[in-house]
Amino acid sequence: MTDTATIQKLERLALQLRFDLLEMMGVGKAGHLGGSSSMAEIVACLYFHAMRYNPANPKDPERDRFLLSKGHCVLIQYAALVELGVIPREELKKLKTLDCCLQGHPDMDRTPGIEAVTGSLGMGLSIALGMALGLRLDGRSNRIYVVMGDGELSEGQIWEAAMAAAAYKADTITGIVDLNHVQATGPTKEILDIPDIAKKWEAFGWEVLKIDGHDIGQILKALEKAKRITGRPAVIIAETVKGKGFSFAENNAAFHNGILTEDLYRQAFADLQALRTALDSRYAKEVRS
Amino acid sequence: MNPHPNMREAYGLALLELGKVNRNVVALEADLGKSTRSVLFQEAFPDRYFQMGIAEQNMAATAAGLALVGKIPFIHSFAVFAAGRTFDQLRNTVSIPRLNVRICGSSCGLSDFGDGKTHQSVEDVAIMRALPNMTVLSPMDSIETVKMMECLIDWPGPVYIRINRSDLPFLYPLSEPYHIGKITKLRDGSDVVLLAAGVMVSRSLEAAGLLAEKGISARVFNVSTIKPINRQGLIEAVTGARAIVVSEEHNTVGGLGGAVLEALRTVSHASVELIGIKDSFGMSAANYEEILARFGLTAPDIAGAAMDLLRKS
């Protein structure tokens, strides 16, 4: 069982990642707020708990790999890398400006801690498979975590990679589907419904774990369970809310890639402050009880 | 000793040799290994050979992952699929981060003469050449193929290598080393310059013979590194010529001809004619010679183009 202190630490980190996300967005700059905030807890649990990762040496051959197949949501990964000290904090405000470190999509040449180039959707799982096969040849057991979007599952290449990863028994891969139900132009159900996502992965030979993707305890438990599965890869289907934490952006396709006005920025900041207050009060109560 | 005259077989044997000298060399296939001859690598190194099924896009991005953990992956398919079906994967996961992925475009050009337009690559060089960071190679025979392959352990960044399905005549000097960017002079002459890659090199040499019969002196160069093109080498090669003919088994749009003209654009040079597939797709044929003739890829076509240019000059 994960102790309360760990859960509290990770909840606070997930909130901090959302504050960083807001700082990157600023006012008047388009950014993928919705799909970034739906992953905040998942990213916090990976980088600050589950992954073997030494921020002092982001190229350590022993490290586990984090791949963001839904590369447009890299803002939340930047936030984690800033909190780890891999990316200097002052870069946050320079997001997507000319010659900046933090590009609109993951760019391993420009940004420390980024492991691959993703952004054209559907490719991350294949990259993960290549890493898994290569590391296995070297006798290494590094784990590879790859986060995919639910809208992204329309890409055929994902299923090519799913078949191949099962055939190669790539059990060092943990796939995570950020099931936030909303894509660029509307609800996934209305764009092109992908029913029975869990059954699809099962049919492709994967172990499937279904969780609430905002529940730190469930995320940690699923990541731990996935590590112990041998002989086949595992995928965590994480039920999430697009735009989670930002009242105006929740379940709203307009903030898949949206712009914050000054009013919305203030609202967003107030929303996060309220979450912080609620967290403080909840943990204060728990300490007392 | 000469390698196997069949370019695919020579390629497979060269890949096997690379596998022996460097344990990071790995190979990926999409169910064409018996044709591309990567199967020779599989027999020796089954653990380092990955059969990816008929899923070229996954193969290309899987190769990116392998390269990211220090491997030197060679991916294989027919040229039309190796460059076409995988384009977005090669663009994003391989070319942008300049990964050491090697792409073998086998049965290139019209060399898969029987299978028709869906399997014949008229545009692979243009596609790969347009990708920033991509190196594009087109060997003229098995000797050059083997020597090129030896360059592919250390050469940084992605490489596309175009492999012909057929037995091609030996032309590359056995004792001469190869380096990427090398332009090889195969015949000296003063009136016209014939530049070519792949199967069209031997045809350009034949054309030089035909021109000699008419009293025209032609020098012939093999330009097998299409990108990065050796600009200085090309400028020197064409200096003093009264006509230039560039020949390739590829669309005249975007291939070696385009690369040569881009390279020569700021220097004065003779008129240039392009011998290639004239912006059309291929078709099935009973044999290789027949289809090359139909598309105007013969020695008399090259010689005729040179004489036309000389008449106009």
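The values are calculated or read from the model by the stated rules, or taken from the named source; none is laboratory data. Computed from a predicted structure; not experimentally measured. Positions of Cβ are generated from backbone atoms using ideal geometry, with glycine treated the same way; all protein chains shown enter the neighbour counts.
Values computed for the structure shown
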item	result
Selection count, segment B:259-307, where residues are β-branched (Val, Ile, Thr) and either closer than 21 Å to B:Ile127 by Cβ or without any contact (Cβ under 8 Å) to a residue 40 or more places away in the chain (or both)	6
Listing of strands (runs of 3 or more DSSP E) fully contained in segment B:193-294 that carry 1 or more residues being of a type in the set (Lys, Arg) and more than 17 Å from the chain's Cα centre (by Cα)	B:218-223
Filter result for A:Ile211 (in contact (Cβ under 8 Å) with a residue 12 or more places away in the chain, more than 10 Å from chain B (Cβ to nearest Cβ), buried (at least 24 other Cβ atoms within 10 Å of the Cβ) and outside any loop (DSSP other than H, G, I, E, B))	no
Residue in segment B:31-46 that is touching a strand residue (DSSP E or B) at 6+ places or on another chain (Cβ under 6 Å), part of a loop (DSSP other than H, G, I, E, B), without any contact (Cβ under 8 Å) to a residue 60 or more places away in the chain and small (Gly, Ala, Ser) present	no
Total residues in segment B:163-180, condition touching a Gly at 6+ places or on another chain (Cβ under 9 Å) and either surrounded by fewer than 16 Cβ atoms within 10 Å (Cβ to Cβ) or among the β-branched types (Val, Ile, Thr) (or both)	1
Of residues in segment A:123-139 being at the interface with chain B (Cβ under 8 Å from one of its Cβ atoms) and not in a helix (DSSP H, G or I), the one farthest from A:Asp64 (Cα to Cα)	A:Met123
Count of segment B:120-166 residues which are within 13 Å of the chain's Cα centre (by Cα) and of a type in the set (Asp, Glu)	4
Boolean, A:Gln8 is surrounded by 24 or more Cβ atoms within 10 Å (Cβ to Cβ) and in a helix (DSSP H, G or I)	no
Scope segment B:263-301; condition buried (at least 19 other Cβ atoms within 10 Å of the Cβ) and of a type in the set (Ser, Thr, Tyr); matching residues	B:Tyr288, B:Thr298
Subset of segment B:78-101 that is within 14 Å of chain A (Cβ to nearest Cβ) and within 22 Å of B:Glu17 (Cβ to Cβ) - its residue that is surrounded by the fewest Cβ atoms within 10 Å (Cβ to Cβ)	B:Asn100
All positions within segment A:223-250 that are surrounded by fewer than 15 Cβ atoms within 10 Å (Cβ to Cβ) and within 16 Å of A:Arg18 (Cβ to Cβ)	A:Ser247
Selection count, segment A:108-158, where residues are surrounded by 24 or more Cβ atoms within 10 Å (Cβ to Cβ) and in contact with a Pro (Cβ under 6 Å, 6 or more places away or on another chain)	3
Residue in segment A:103-120 that is of a type outside the set (Phe, Trp, Tyr), outside any helix (DSSP H, G or I), more than 7 Å from chain B (Cβ to nearest Cβ) and under 19 Å from A:Gly231 (Cβ atoms) present	no
Subset of segment A:254-281 (residues that are assigned to a helix (DSSP H, G or I) and either surrounded by fewer than 12 Cβ atoms within 10 Å (Cβ to Cβ) or polar (S, T, N, Q) (or both))	A:Glu262, A:Asp263, A:Gln267, A:Ala270, A:Gln273, A:Thr277, A:Ala278, A:Asp280, A:Ser281
Residue within segment B:5-27 that is free of Cβ contacts under 8 Å to residues at least 60 places away in the same chain, touching a Ser or Thr at 6+ places or on another chain (Cβ under 7 Å) and hydrophobic (A, V, I, L, M, F, W, C) present	yes
Number of positions in segment A:145-160 that are touching a helix residue (DSSP H, G or I) at 6+ places or on another chain (Cβ under 6 Å) and within 8 Å of chain B (Cβ to nearest Cβ)	2
Residue in segment A:161-171 that is closer than 15 Å to B:Thr93 by Cβ, touching a helix residue (DSSP H, G or I) at 6+ places or on another chain (Cβ under 6 Å), assigned to a loop (DSSP other than H, G, I, E, B) and facing chain B (nearest Cβ under 8 Å) present	no
Every residue from segment B:131-157 that is in a loop (DSSP other than H, G, I, E, B) and among the polar types (S, T, N, Q)	B:Asn133, B:Ser138
Residues satisfying the stated conditions in segment B:3-28, i.e. within 14 Å of chain A (Cβ to nearest Cβ) and either at pLDDT below 95 or not in a helix (DSSP H, G or I) (or both)	B:Asn22, B:Arg23, B:Asn24, B:Val25, B:Val26, B:Ala27, B:Leu28
Residue list for segment B:60-77, filter: outside any loop (DSSP other than H, G, I, E, B) and within 7 Å of chain A (Cβ to nearest Cβ)	B:Ala61, B:Thr62, B:Ala63, B:Ala64, B:Gly65, B:Leu66, B:Leu68
Considering residues of segment A:239-282 that are among the β-branched types (Val, Ile, Thr) and over 25 Å from A:Gly175 (Cβ atoms) only, the residue nearest to the chain's Cα centre (by Cα)	A:Ile259
Residue match in segment B:85-101 (condition: closer than 18 Å to B:Arg8 by Cβ and either in contact (Cβ under 8 Å) with a residue 24 or more places away in the chain or part of a loop (DSSP other than H, G, I, E, B) (or both))	no
